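All remarks here apply to the structure that follows.
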Amino acid sequence: MALTASPESQRLLLDVQALDTTLQQLSHRERALPERAVVDDLTAEAEVMREFVVQRRGELEDARIELGRVESDVALVEARISRDDNRLQQSSSVKDIQGLEHELASLKARLGDLEEIELSVMEKVETLESELASATTALDDQQAKVAEAIAARDAALAVIADERSAAQQQRDAVVAQVPADLIALYEKQRERYGTGASHLRARISSASGVELTGSDLATVRSAAPDAVLLCPDSNAILVRTDESGL
């Protein structure tokens, strides 16, 4: 049995469709929000900077451990040199003196090498400390930018949420005025074809943008005002008004 509904009820479908279009546009705006991309880009940059900080921190820790080992070796050689110096001062044996002098020469050469290594490692530590400090400051600044971008994104999302809530409330209010069987058909067609209602204006269906053919127009003209018709091109409910050009 063909569905019927008053012309007024059918015209309400155009309001529902307009609100559904608004809701779809809001969803698209939400997905394509520029503030989202800014947050993603800044967060990605912050992650790279964070990895650099972690790497430099690890390298600095290793360098400090290395410096500690070298300093320990230097202290050990210095202690042995001091010990041999004391023994040399107290020894009267020519053989012992020669042995101690040879050992002291070797220890002093070793100390010289260790002090060069120590200086090199100390410079490395200073360089890494400077790089880590700069990288940490840069990361802090980047994280502040990320926080600002997140706040801007959330504010934009809140605006969209408010607009969506308002549009949904308007839609609910209009739907409440439409007969249940008519809105059910509207929802069915919208789910299947993307558009639930099409305004026939100047013999052109708004859903398809196509002008109705002569035979289709004849069918529409002969239909009762309360007959619910479907657009032959879009399959949306074809809503007739004074602008339809019939």
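The values are calculated or read from the model by the stated rules, or taken from the named source; none is laboratory data. Here the structure is a predicted model, which is why all the values come from computation and not from measurement. Positions of Cβ are generated from backbone atoms using ideal geometry, with glycine treated the same way; all protein chains shown enter the neighbour counts. Note: accessible area is taken over every heavy atom of the protein model, side chains too, but ligands, DNA and RNA are not part of it. Shrake-Rupley method; radii C 1.70, N 1.55, O 1.52, S 1.80 Å.
Assorted remarks:
- Within the stretch 68-98, considering residues that are in contact with a Lys or Arg (Cβ under 8 Å, 6 or more places away or on another chain) and within 19 Å of Arg110 (Cα to Cα), the one surrounded by the most Cβ atoms within 10 Å (Cβ to Cβ): Val77
- Close pairs from the stretch 90-109: first farther than 24 Å from Val74 by Cα, partner of a type outside the set (Ser, Thr, Tyr), Cβ under 7 Å, at least 6 apart: Ser91/Ile97; Ser91/Leu100
- Test: residue in the stretch 149-168 that is of a type in the set (Val, Ile, Thr), in contact with a helix residue (DSSP H, G or I) (Cβ under 7 Å, 6 or more places away or on another chain) and surrounded by fewer than 18 Cβ atoms within 10 Å (Cβ to Cβ): yes
- Checking each residue in the stretch 196-228 for being surrounded by 19 or more Cβ atoms within 10 Å (Cβ to Cβ), under 16 Å from Leu14 (Cα atoms) and not small (Gly, Ala, Ser) picks out His199, Leu200, Val228.
- Residue within the stretch 214-231 that is touching a residue at least 40 places away in the same chain (Cβ under 8 Å) and assigned to a helix (DSSP H, G or I) present: no
- Lone qualifier among Leu13, Leu60, Leu23 - being more than 30 Å from Arg190 (Cβ to Cβ), assigned to a helix (DSSP H, G or I) and open to solvent by less than 50 Å² (accessible area, probe 1.4 Å): Leu60
- Qualifying residue in the stretch 209-227 (condition: closer than 16 Å to Ala18 by Cα and touching a Ser or Thr at 6+ places or on another chain (Cβ under 6 Å)): no
- Residues located in the stretch 104-124, provided they are surrounded by 14 or more Cβ atoms within 10 Å (Cβ to Cβ), closer than 18 Å to Leu67 by Cβ and not β-branched (Val, Ile, Thr): Arg110, Leu111, Leu114, Glu115, Glu118, Met122, Lys124
Quick grid of which residues meet (1) among the small types (Gly, Ala, Ser); (2) modelled with pLDDT of 95 or more:
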| position | (1), (2) |
| --- | --- |
| Ala2 | yes, no |
| Arg11 | no, yes |
| Leu19 | no, yes |
| Arg50 | no, yes |
| Arg56 | no, yes |
| Arg64 | no, yes |
| Arg87 | no, no |
| Gly99 | yes, no |
